[in-house]
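The values are calculated or read from the model by the stated rules, or taken from the named source; none is laboratory data. Everything numeric in this text was worked out from a predicted model, so none of it was measured. Using ideal geometry, Cβ is built from the backbone for each residue, glycine included, and neighbour counts are taken over all protein chains shown.
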Amino acid sequence: MTTFPLTRAVPRHFRPRSGNPLFTAAIILAMVMVIAAAAATLIAPYDPDFVDLGNVLSAPSPAHWLGTDAVGRDTLSRMMFGARTALLGPLLVVLLSTALGIGFGLLAGWFGGWIDAVLCRVFDLLFAFPALLLAILAVAIFGKGLTAPVAAMTIAYIPYVARLVRSLVVSERGRPYVTAYRVQGFAGCWIAVKRVLPNVMPTVGAQSTLNFGYVLADLASLSFLGLGVQPPAADWGAMINDSRGALMSGQSLPALVPAIAVVLVVIAMNIIGENLSDRIGGRRQP
Amino acid sequence: MSLLEISGLTLDLPSEPSCRLLDGISLNVGAGETVGIVGESGSGKSLTARTVLGLLPGGARTSGSVLLDGTDMLRCPPSVALDRRRDTVSMIFQDPRSGMNPVRRIGDFLTESLRLCEGWSKADADERALELLRSVGLPRPESHLSQYPHELSGGMLQRVMIAGALTAAPALLVCDEPTAALDVTTQAEIINVLRKQQETRGMGMLFITHDLNLAAALCDRVYVIHSGRIVEYGSALSIFTSPRADYTKRLVAATPTIPSVSGRRSSAAASHGRAPSAGSAEPALEARGVSKCYAIRGGADIRAVDDVSFRVPPGGALALVGESGSGKSTLARMLVGLERPDSGDILVDGVSRSTRPRSRAERLKRARAVQIVFQDPYLSLDPRIPAGAAIEDALRLHSTLRGVEARARVLTLLDRVGLTEKHSQSKPRTLSGGQRQRVAIARALAAAPGVLVLDESTSALDVSVQAQVLDLIDEIRRERGLTLVFVSHDLAVVRRVCETTAVMKQGAVVESGATAGLLEHPGHPYTQLLIDSIPKPRRSLHAISQ
């Protein structure tokens, strides 16, 4: 059989350790998205809001690689500009929820007792709310745009980070090296923030990467419902919404492109997050 | 032909620089014979034992042969190896608790192979299990059958494991450090059980251990293994009394023993630096009627430490010796302020430390008075912090040294414990057990404490490394006039360092006094039991014939 000559010829240990092709692909995809979003003004072929009513719902062509939408706007350019809000929203949510989640988780895990009990009940309460529902509520109160959904999502995602930090800190707190710091006379706060926190950070980082994908999907859902970024600004969720009419008339491309982008980013973030936590898990074993 | 014959066994792991773990191992075990393999961690002794059962690490390349009753366990098909494991060879592991499914009853554990593989009825299998439990000396076999592993102590579980290994009436029993996790008195009981079973059943036994004393006490012949090679073999007594290989000589010299007559080291320990004993000077460390209780949910309180009093003069060394559950570690934690006594008082240089420190200054002052070196150097160092930085942290906290001066002091401390500048950049995981424990000692010394508590500080180390660390502790103590409290389960170890010893049982001190006197004329039956339980080389048939 000649089907597997390559894998047979290269012994297992000679293959590069980081050579997980899925992981590499996910990283490349994420980088492409970020670069496209950051350099949108430079590399986008058209103005994303330029309406060309003479060229609506065109198929992919050398002039419009991904075709145009119902009012003749270039889908590729709108995808690039849309990537800005699509990536910026989740980034803000992940940064804020990670920072706050670490704070609450550290408080609960390090001090234990009633602080832990109260915080854990609050986390349970937040877990009980669907994130999307909370975001819709926030939009209803504070109005549409990016701010209200981001704030609501941040609150909804804090418990995921806080629970994780808490359980990690509780297990670290009982370790002999923490006891050793105590005997040396270090203050509890110093040990918690300067020594325990850095030891749990890699795992938390991996979890936050996973969260990024979920938040992106949630925010896209919100703008699909018309509660997120407002037109004419480009956004992936809003683009799917705008193209519903075209979908009905058999033109699936303008809706399909942003939908696929959302799915790809979520999958990529899942792969990255899981690989990171696998690596950390492997490294921590003695 | 021998029951087990290993010849020229070589095992390589396919790692980057090809890693040879076993190199030309040859040994044999006859029917009814007990053979020991003695070696330190990483020597390949467990690996050798596992090849007998055909259990190899993934991707291992082997050469040579492991003939078990005529079957080559390295080359035979997996189904044949499985059959041999069912009917010819059994194995007992170090930790009985991790070897049993915690959600299944003892009875299930013992009978499932009979019921599932041999097709016995439940009644017959239970009958067989009862018989086995009785033969390994468990007190209530009928009720044990319906108990779960967590309801039994470590020693009882190891008996269950032995019973489980004997279900198939194997011709060869492989024991991989079966008593390393047990107390010394429990160890003596388990060894008795093994010896009795081996004699009544006429089994061959391959006994893996790091403890030369134990091997010499139990085995007919002993193989000494070092970095995957057998460096010496012979009758147990001859290896112990007249080792030929250099490595064996070092191992014998490093093995702590309790001599029947007063030994050289105990007299050495008694002679140096001993302050006038009874209370004439202000004691460096004093415990006055210290007690500590733990509340158990739904049960009576446990008196972990019960009215313990002692005085250690400046520069003195006190050993607290006891088995697990004797309260010695709780006492050590109270000495360094990790726990507070329920009643009684602990005084360091005349200052009480049984209340919470009120200020940062007081907390630091207490930390400077007493420092501790913990048992497990793998866990007591922060995995992320390099050795030098860990010591520097402690220095910055306890002195005004900063920058270059602090770095210089770190190097001095590292040098003092036998490490170099190179080690200061190393993360703990790249250091060996002995090196980590040296770092832990240097870190404790950074605070320049008057009293150093050693909580089983050498029990996780290999015998030869333990001897080096004990020597280091002894040197540093003399140099700095440190007062030592050495918490240990091992009388033979504390004998090397401490001139006074207190023996603890169930939270109370049952006997205390000069170490040498205590070992020669134990006054309390429990002390006598501890001393008797330490394995001693026995006169084997081979030795008598010589």
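Please specify each residue of region B:321-374 satisfying the condition of being among the aliphatic types (A, V, I, L, M), closer than 25 Å to residue B:489 by Cα and either within 25 Å of the chain's Cα centre (by Cα) or more than 14 Å from chain A (Cβ to nearest Cβ) (or both).
Those that are among the aliphatic types (A, V, I, L, M), closer than 25 Å to residue B:489 by Cα and either within 25 Å of the chain's Cα centre (by Cα) or more than 14 Å from chain A (Cβ to nearest Cβ) (or both): B:321, B:331, B:332, B:334, B:335, B:336, B:338, B:346, B:347, B:372, B:373.
When you scan region A:137-157, how many residues do you find that are buried (at least 16 other Cβ atoms within 10 Å of the Cβ) and either of a type outside the set (Phe, Trp, Tyr) or in a loop (DSSP other than H, G, I, E, B) (or both)?
Our first condition is that a residue be buried (at least 16 other Cβ atoms within 10 Å of the Cβ); within region A:137-157, this holds for A:138-139, A:144, A:146, A:148-157.
If we keep only those that are either of a type outside the set (Phe, Trp, Tyr) or in a loop (DSSP other than H, G, I, E, B) (or both) too, we end up with A:138-139, A:144, A:146, A:148-156.
Qualifying residue count, region A:137-157: 13.
Looking only at region A:33-55, filter to residues that are buried (at least 17 other Cβ atoms within 10 Å of the Cβ) and assigned to a loop (DSSP other than H, G, I, E, B); which one of those is farthest from the chain's Cα centre (by Cα)?
Going through region A:33-55, the residues buried (at least 17 other Cβ atoms within 10 Å of the Cβ) turn out to be A:33, A:36-37, A:40, A:44, A:46, A:48.
Applying the additional criterion that residues be assigned to a loop (DSSP other than H, G, I, E, B) yields A:44, A:46, A:48.
Numbers: A:44: 24, A:46: 28, A:48: 24 Å.
By that ranking, first place goes to A:46.
Taking the condition of being assigned to a helix (DSSP H, G or I) and over 13 Å from residue A:225 (Cα atoms), how many residues in region A:123-136 meet it?
Going through region A:123-136 one residue at a time, the tally reaches 8.
What are the residues in region B:219-256 that are among the hydrophobic types (A, V, I, L, M, F, W, C) and touching a strand residue (DSSP E or B) at 6+ places or on another chain (Cβ under 6 Å), if any?
We begin by selecting, within region B:219-256, every residue among the hydrophobic types (A, V, I, L, M, F, W, C); these are B:219, B:222, B:224-225, B:230-231, B:236-237, B:239-240, B:245, B:251-254.
Correct list: B:219, B:222, B:224, B:225, B:230, B:231, B:236, B:239, B:245.
Does region A:198-216 contain any residue that is under 26 Å from the mean Cα position of the chain (by Cα), under 22 Å from residue A:77 (Cα atoms) and buried (at least 19 other Cβ atoms within 10 Å of the Cβ)?
Taking region A:198-216 as the starting set, the residues that turn out to be under 26 Å from the mean Cα position of the chain (by Cα) are A:198-216.
Adding the requirement that they be under 22 Å from residue A:77 (Cα atoms) leaves A:216.
Restricting the remaining residues to those that are buried (at least 19 other Cβ atoms within 10 Å of the Cβ) gives A:216.
Within region A:198-216 (the criterion being under 26 Å from the mean Cα position of the chain (by Cα), under 22 Å from residue A:77 (Cα atoms) and buried (at least 19 other Cβ atoms within 10 Å of the Cβ)), the answer is yes, since at least one residue qualifies.
What are the pairs with Cβ atoms under 7 angstrom where one residue, in region B:132-158, is under 13 Å from residue B:190 (Cα atoms) and the other, located anywhere, is among the acidic types (Asp, Glu)? Sequence gap at least six, or different chains.
B:155/B:189
Yes or no: region B:515-535 includes at least one residue that is among the small types (Gly, Ala, Ser), surrounded by 18 or more Cβ atoms within 10 Å (Cβ to Cβ) and touching a strand residue (DSSP E or B) at 6+ places or on another chain (Cβ under 8 Å).
no
Criterion first (under 25 Å from the mean Cα position of the chain (by Cα) and either more than 8 Å from chain A (Cβ to nearest Cβ) or not basic (Lys, Arg) (or both)) does residue B:410 satisfy it?
no
Would you mind stating whether residue B:299 is over 21 Å from residue B:452 (Cβ atoms), at pLDDT below 90 and more than 14 Å from chain A (Cβ to nearest Cβ)?
The answer is yes for residue B:299.
Quick check on region B:384-405: of everything there that is at the interface with chain A (Cβ under 7 Å from one of its Cβ atoms) and within 17 Å of residue A:176 (Cα to Cα), which residue is surrounded by the most Cβ atoms within 10 Å (Cβ to Cβ)?
Here the residue is B:394.
All but one of (1) free of Cβ contacts under 8 Å to residues at least 40 places away in the same chain; (2) touching a helix residue (DSSP H, G or I) at 6+ places or on another chain (Cβ under 6 Å) hold for residue A:190, so report the exception by its number.
(2)
Condition check: in contact with an Asp or Glu (Cβ under 9 Å, 6 or more places away or on another chain) and not in a loop (DSSP other than H, G, I, E, B). Does residue B:223 satisfy that?
When the stated conditions are applied, residue B:223 passes them.
Given the conditions (1) without any contact (Cβ under 8 Å) to a residue 24 or more places away in the chain; (2) part of a helix (DSSP H, G or I); (3) closer than 18 Å to residue A:231 by Cβ; (4) not polar (S, T, N, Q), which single one is not true for residue A:95?
Against the list (1) without any contact (Cβ under 8 Å) to a residue 24 or more places away in the chain; (2) part of a helix (DSSP H, G or I); (3) closer than 18 Å to residue A:231 by Cβ; (4) not polar (S, T, N, Q), residue A:95 comes up short only on (3).
Restricting to region B:83-108, name every residue that is at pLDDT 90 or above, under 19 Å from residue B:49 (Cα atoms) and surrounded by fewer than 18 Cβ atoms within 10 Å (Cβ to Cβ).
Those that are at pLDDT 90 or above, under 19 Å from residue B:49 (Cα atoms) and surrounded by fewer than 18 Cβ atoms within 10 Å (Cβ to Cβ): none in region B:83-108.
As an exercise: evaluate residue B:459 against (1) surrounded by fewer than 22 Cβ atoms within 10 Å (Cβ to Cβ); (2) within 13 Å of chain A (Cβ to nearest Cβ) and give the number of the one condition it does not meet.
(2)
What are the residue pairs meeting all of these: first residue in region B:325-350, first residue over 21 Å from residue B:365 (Cβ atoms), second residue polar (S, T, N, Q), Cβ atoms under 6 Å, and 6 or more apart or on different chains?
B:342/B:291; B:343/B:291; B:344/B:291
For region B:51-75, how many residues are touching a residue at least 24 places away in the same chain (Cβ under 8 Å) and either touching a Phe, Trp or Tyr at 6+ places or on another chain (Cβ under 9 Å) or within 29 Å of residue B:463 (Cβ to Cβ) (or both)?
So the answer is 9.
Please go through region B:31-57 and pick out each residue that is outside any helix (DSSP H, G or I), under 17 Å from residue B:69 (Cα atoms) and not hydrophobic (A, V, I, L, M, F, W, C).
Of everything in region B:31-57, those that are outside any helix (DSSP H, G or I), under 17 Å from residue B:69 (Cα atoms) and not hydrophobic (A, V, I, L, M, F, W, C) turn out to be B:32, B:33, B:34, B:54.
Against the conditions (1) surrounded by 20 or more Cβ atoms within 10 Å (Cβ to Cβ); (2) free of Cβ contacts under 8 Å to residues at least 40 places away in the same chain; (3) within 14 Å of chain A (Cβ to nearest Cβ), where does residue B:430 fall short? Just the number, please.
(1)
Please specify each residue of region A:143-176 satisfying the condition of being of a type outside the set (A, V, I, L, M, F, W, C) and in contact (Cβ under 8 Å) with a residue 12 or more places away in the chain.
Result: A:144, A:145, A:149, A:154, A:157, A:159, A:160, A:163, A:166, A:167, A:172, A:173.
Of all the residues that make up region A:158-190, how many are surrounded by fewer than 16 Cβ atoms within 10 Å (Cβ to Cβ), within 14 Å of another protein chain (Cβ to nearest Cβ) and closer than 30 Å to residue A:217 by Cβ?
Total satisfying the criteria: 0.
Would you be able to say whether some residue in region A:252-270 is assigned to a helix (DSSP H, G or I), within 14 Å of chain B (Cβ to nearest Cβ) and within 21 Å of the chain's Cα centre (by Cα)?
No, there is no match, as no residue in region A:252-270 is assigned to a helix (DSSP H, G or I), within 14 Å of chain B (Cβ to nearest Cβ) and within 21 Å of the chain's Cα centre (by Cα).
Would a scan of region B:19-40 turn up a residue that is free of Cβ contacts under 8 Å to residues at least 24 places away in the same chain and either over 21 Å from residue B:195 (Cα atoms) or within 14 Å of chain A (Cβ to nearest Cβ) (or both)?
yes
Quick one: would you say residue B:36 is in contact with a helix residue (DSSP H, G or I) (Cβ under 8 Å, 6 or more places away or on another chain) and within 30 Å of residue B:464 (Cα to Cα)? So that I can check it myself, show each step before the final result.
Working: in contact with a helix residue (DSSP H, G or I) (Cβ under 8 Å, 6 or more places away or on another chain): yes; within 30 Å of residue B:464 (Cα to Cα): yes.
Yes: the conditions hold for residue B:36.
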